[in-house]
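S.K.: Can you keep this structure in mind? I'll have questions shortly.
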Amino acid sequence: MLTDSHAHLNAPEFDEDREETIARAREAGVTRIVNIGFNRETIPTSLKLAEAYDFIWTAVGWHPQDAKDMLPEDLDWIEELCKHEKVVAIGEIGLDYYWDTSPKEVQDRVFREQIRLARKVGKPIIIHDRDAHHDVVETLKQEKAAEVGGIMHCFSGSWETAKLCLDMNFYISFGGPVTFKNARQPKEVLAQVPLDRLLLETDSPYLTPHPFRGKRNESAHVRLVAEAAAEIKGLPVEEIARITTENAIRLLGIN
């Protein structure tokens, strides 16, 4: 009863064996997958994937790296897609100060526009935050994101930042890094996140967990993240799987 709350199974890395990859996830006990469409190219393919499998849902949004390419009509398009029964969130959206692909001021505008849209349509948001913890939290506060809440995807911040996000109605999601030997901070934060706000993900094909680090990631590997979380929390892996799946159902309605 595992849930991968963030995957990119529509990525080109899966073009040769997508069906087999999804079948392996099912064999590993993955009962729900949320796939992410994040720009003009990936939103249609993510939606098509969600329509093809009854256990896959999609989020649609505009990634901060692509913010400079977003047009007003793209925001209207996302709003229209939010009526689709398989669209469960707006995302991934946020700020990325690591990759210098869109100016910060453009990222900020696009981020705020999508938070406002989420509040308008009543959808939770999935947050991409890379090297921008302070600005992400401040923007969420200023734009009243607590009204819809959402997911801090592949959280990499401190416990202090996590607490601020929890206070704003967000769930904290962890992926492959919690399996890395030297990833001290994610493990320390996971240990403190309340069980009813914990989610698991792969971010496939990226952030592959140990012992497959360096290879392509896939949704079946969410079991390895669950095993790491179970060890950190001192609970059976089956209990972690059940709790995190119930959390995803409660937040996203993927039942």
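S.K.: Those residues that are over 17 Å from Met152 (Cβ atoms), among the charged types (D, E, K, R) and not in a helix (DSSP H, G or I), I need them from the stretch 63-112; list them, please.
M.R.: Lys83, Glu85, Lys86, Asp100
S.K.: Quick check on the stretch 32-42. Is at least one of its residues assigned to a strand (DSSP E or B), of a type in the set (Lys, Arg) and modelled with pLDDT of 95 or more?
M.R.: Pass one, the stretch 32-42, residues assigned to a strand (DSSP E or B): 32-37.
Filter once more, so that each one left must be of a type in the set (Lys, Arg): 32.
Subset that is modelled with pLDDT of 95 or more: 32.
For the stretch 32-42, residues assigned to a strand (DSSP E or B), of a type in the set (Lys, Arg) and modelled with pLDDT of 95 or more: present.
S.K.: Let me ask you something else. Output the residues belonging to the stretch 1-52 that are within 20 Å of Cys82 (Cβ to Cβ) and hydroxyl-bearing (Ser, Thr, Tyr).
M.R.: If the condition is that a residue be within 20 Å of Cys82 (Cβ to Cβ) and hydroxyl-bearing (Ser, Thr, Tyr), then Ser5, Thr42, Thr45, Ser46 are the ones that fit.
S.K.: If you don't mind, another one. Applying the selection to the stretch 1-28, what residues are among the small types (Gly, Ala, Ser) and crowded, with 16+ Cβ neighbours inside 10 Å? Working first, answer last.
M.R.: Start the filter on the stretch 1-28 by keeping residues that are among the small types (Gly, Ala, Ser), which leaves 5, 7, 11, 23, 25, 28.
Answer for the stretch 1-28, where residues must be among the small types (Gly, Ala, Ser) and crowded, with 16+ Cβ neighbours inside 10 Å: Ser5, Ala7, Ala11, Ala25, Ala28.
Residue-wise test of (1) at pLDDT below 95; (2) surrounded by fewer than 17 Cβ atoms within 10 Å (Cβ to Cβ); (3) over 21 Å from Lys86 (Cα atoms).
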{"site": "Trp99", "(1), (2), (3)": "yes, yes, yes"}
{"site": "Val110", "(1), (2), (3)": "no, no, yes"}
{"site": "Val121", "(1), (2), (3)": "no, yes, no"}
{"site": "Asp135", "(1), (2), (3)": "no, no, yes"}
{"site": "Glu138", "(1), (2), (3)": "no, yes, yes"}
{"site": "Gln142", "(1), (2), (3)": "no, yes, yes"}
{"site": "His153", "(1), (2), (3)": "no, no, no"}
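S.K.: Being charged (D, E, K, R) and surrounded by fewer than 19 Cβ atoms within 10 Å (Cβ to Cβ) is the filter here, so list the residues in the stretch 48-73 that pass it.
M.R.: Lys48, Glu51, Asp54, Lys68, Asp69, Glu73
S.K.: Just to be sure I understand, how many residues within the stretch 113-135 are among the basic types (Lys, Arg) and part of a loop (DSSP other than H, G, I, E, B)? Steps first, please.
M.R.: Just the residues of the stretch 113-135 that are among the basic types (Lys, Arg), to begin with: 116, 119-120, 123, 130.
Subsequent filtering for residues that are part of a loop (DSSP other than H, G, I, E, B) retains 123.
Adding up the residues that qualify gives 1.
Yes/no per residue for (1) closer than 14 Å to His153 by Cα; (2) out of contact with any strand residue (DSSP E or B) (no Cβ under 6 Å at 6 or more places or on another chain):
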residue: Pro205; (1), (2): no, yes
residue: Gly214; (1), (2): no, yes
residue: Glu227; (1), (2): no, yes
residue: Ala230; (1), (2): no, yes
residue: Ile243; (1), (2): no, yes
residue: Ala248; (1), (2): yes, no
residue: Ile254; (1), (2): no, no
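S.K.: Further, regarding this structure: Is it the case that some residue within the stretch 50-57 is small (Gly, Ala, Ser) and closer than 14 Å to Leu117 by Cα? Give the steps one after another, and end with the answer.
M.R.: At the first step, the residues of the stretch 50-57 found to be small (Gly, Ala, Ser) are 50, 52.
Filter once more, so that each one left must be closer than 14 Å to Leu117 by Cα: none.
No.
The values are calculated or read from the model by the stated rules, or taken from the named source; none is laboratory data. As the structure is a computational prediction, the values presented were derived from the model and not from experiment. Glycine gets a Cβ as well: all are built from the backbone with ideal geometry, and neighbour counts include every protein chain shown.
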